[in-house]
1. Can you check how the C-alpha radius of gyration of region 205-260 compares to 2.2 N^0.38 Å, as a plain ratio?
2. Among the DSSP beta bridges whose two residues both lie in the chain, what percent are antiparallel, rounded to the nearest 5?
3. Which of these values of semi-axes √(5λ) of the Cα gyration tensor in Å was calculated from the structure shown: (i) 38, 20, 16; (ii) 33, 21, 18; (iii) 26, 24, 18?
4. Need the full-extension length gain, Asn222 to His247, defined as separation in residues times 0.36 nm minus the C-alpha distance. One decimal, nm.
5. Determine the distance separating the Cα centre of region 50-126 from the Cα centre of region 203-240; give it in Å without decimals.
6. What FRET efficiency comes out for Tyr31 versus Gln162 if R0 is 41 angstrom and r is the Cβ-Cβ distance? Round to the nearest 0.05.
7. Given region 8-81 reduced to its alpha-carbon atoms as identical point scatterers, what log10 I(q)/I(0) does the Debye formula return at q = 0.15, 0.18, 0.24, 0.26 Å⁻¹?
8. Ignoring everything except DSSP H segments at least 4 long, calculate the 222 nm mean residue ellipticity for the chain; use -39,500 (n - 2.57) per segment, divide by total residues, nearest 500.
Amino acid sequence: METALREPQIHPTAIVDPEASLAPGVMVGPYAVIGSQVSIGANCWIGPHVVLEGPLTMGQDNRVFPGACLGLAPQDLKYQGSETEVRIGDGNTFREYVTVNRATEQGQMTQLGSGNLLMAYCHIAHNCILGNRIVMSNAVQVAGHVTIHDSAVIGGALGIHQFVQIGSLAMVGGMSRVDRDVPPYCMVEGHPARVRGLNKVGLRRSGLATIHGRASLQELQNVWKLFYRSNLTMAQALEQSHDPNRHGPAADFIAFMGDSLTAGRRGPLPATL
């Protein structure tokens, strides 16, 4: 509690615009640069040589390591200087040289939830939406308009195509090429990436069996087999699996697949043979 009540601690070499908003307990390291439209929540640590530009709103207890650049203009030729923003939740860790860009069109945002770990050299492009408790290994390059749902684990040194969605509790193997949607609860890897099976270890650790019952995981396994191990097309499997009374992980999986198969989306990754 003592830390939360302290005035912001700003290193003498840091440049902080007088219009920036720094909550109590914020620490700003040497040579950091913080712009006028930046709001930083309580007890955040801003490391040396970090650049924060706005509009950028950051919650509390975030840690931003040296060289990271958050809230800068998007790397998008369509960007014409519109007022866009980045919003970041609480308790995130941005390791060395992570970049998070603002959105492209007027009034849009790039958004990150809480409890995420982005390791060194990750890039989050314009208009991305990240949920909570995501782990992203080193040098993950996320293109524009990507959505990553809660508790996904992304391996290192890989690229994610524009407009792709990655489902909850998915695990993406390192050095994969992710050019289509990754269904929730699945393990994918390869170049191009392919669905290899369910993320059984992640499911066991997640506590979903406690919340929904162990039978819910067996139901998820059955639905996954319908989509990936039967002779049905994805559309046929979606139709056959429809059940308005279904709940839990299986229902989430089916809903994701239905959205992914909607016209205009990239569609789900196929399985390995």
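Each value in this text was obtained by applying a stated rule to the coordinates, not by laboratory testing. Bear in mind that the values here come from a model prediction, so they are computed numbers and not experimental data. Glycine also receives a Cβ, built like all others from the backbone with ideal geometry; neighbour counts cover every protein chain displayed.
1. Details: Rg = 11.3 Å, N = 56, 2.2 N^0.38 = 10.2 Å.
Region 205-260 yields a ratio of 1.12.
2. On the way: 5 of 61 bridges.
Of all bridge pairs located within the chain, approximately 10 percent are antiparallel.
3. Matching entry in (i) 38, 20, 16; (ii) 33, 21, 18; (iii) 26, 24, 18: (i).
4. Details: separation 25, 0.36 × 25 = 9.00 nm, distance 1.39 nm.
Extending this stretch completely gives an extra 7.6 nm.
5. Region 50-126 and region 203-240 have Cα centres spaced 35 Å from each other.
6. Working: r = 34 Å, r/R0 = 0.82.
The value I calculate is 0.75.
7. Taken in order of the listed q values, log10 I(q)/I(0) reads -0.44, -0.62, -1.04, -1.21.
8. Details: 6 runs with 51 residues, N = 273.
Roughly -5000 deg cm²/dmol at 222 nm, from the helical runs in the chain.
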